[in-house]
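Worksheet: one structure, shown below.
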Amino acid sequence: QVQLVESGGGLVQAGGSLRLSCAASGRTFSSYGMAWFRQAPGKEREFVTHINWSGGNTYYANSVKGRFTISRDNAKNTVYLQMNSLKPEDTAVYFCAARRRYSSTYYVAEYDYWGQGTQVTVSS
């Protein structure tokens, strides 16, 4: 069993930056594909970005490409999401997810473990 704990959310003005962290328990983190999803009120959970086990392969939703960066530190069992040039439409609860495979994907159903989420609010 893997537990994921997100942190780093908060309130920021448009154009600002935040860095989210997702700390994972367990000794198999380095073999998991990881991803970030988000969910705004009244909307479905949507894909943001994913990263494979080594960090050598990443993928971004068009809405965040060029503004967000995903990375991971397997020695620290942590995945990060650096968010720059934030917009009000980025406001959502951000979730970290882990997949029991080396590869990662943008399909919500492919992930086996989820964190509790961290709120990101961007004011205009």
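The values are calculated or read from the model by the stated rules, or taken from the named source; none is laboratory data. Being a predicted model, the structure only gives us computed values, none of them experimental. So basically every Cβ, Gly included, is an ideal-geometry build from the backbone, and we count neighbours across all protein chains shown. These accessible areas exclude ligands, DNA and RNA; they are computed on the full protein's heavy atoms, side chains included. Shrake-Rupley method; radii C 1.70, N 1.55, O 1.52, S 1.80 Å.
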Inter-residue pairs, beta-carbon under 6 Å, first touching a residue at least 24 places away in the same chain (Cβ under 8 Å) and of a type in the set (D, E, K, R) and in the range 1-21, second part of a strand (DSSP E or B) and open to solvent by 30 Å² or more (accessible area, probe 1.4 Å), 6+ apart: Arg19/Gln82
Being out of contact with any Phe, Trp or Tyr (no Cβ under 9 Å at 6 or more places or on another chain) and either small (Gly, Ala, Ser) or assigned to a strand (DSSP E or B) (or both) is the filter here; which residues of the range 27-54 pass it? Ala40, Gly42
So Val5 clears everything in (1) within 13 Å of the chain's Cα centre (by Cα); (2) surrounded by 15 or more Cβ atoms within 10 Å (Cβ to Cβ) except one condition, right? Which one? (2)
From the set of residues in the range 49-62 that are farther than 19 Å from Gly9 by Cα and of a type in the set (S, T, N, Q), which is surrounded by the fewest Cβ atoms within 10 Å (Cβ to Cβ)? Asn62
Could you check the range 63-86 and list, in sequence order, the residues that are over 24 Å from Lys43 (Cα atoms) and open to solvent by 60 Å² or more (accessible area, probe 1.4 Å)? Ala75, Lys76
Search result, residues across the range 33-92 that are touching a helix residue (DSSP H, G or I) at 6+ places or on another chain (Cβ under 9 Å) and at positive phi: Asn77
Does the range 25-48 contain any residue that is surrounded by 18 or more Cβ atoms within 10 Å (Cβ to Cβ) and over 21 Å from Gln3 (Cβ atoms)? yes
Would you confirm whether any residue within the range 87-99 is assigned to a strand (DSSP E or B), at pLDDT 95 or above, open to solvent by 30 Å² or more (accessible area, probe 1.4 Å) and among the hydrophobic types (A, V, I, L, M, F, W, C)? yes
Scan the range 100-116 for residues that are polar (S, T, N, Q) and either at pLDDT below 95 or more than 14 Å from Ala23 (Cβ to Cβ) (or both) and jot them down. Ser103, Ser104, Thr105
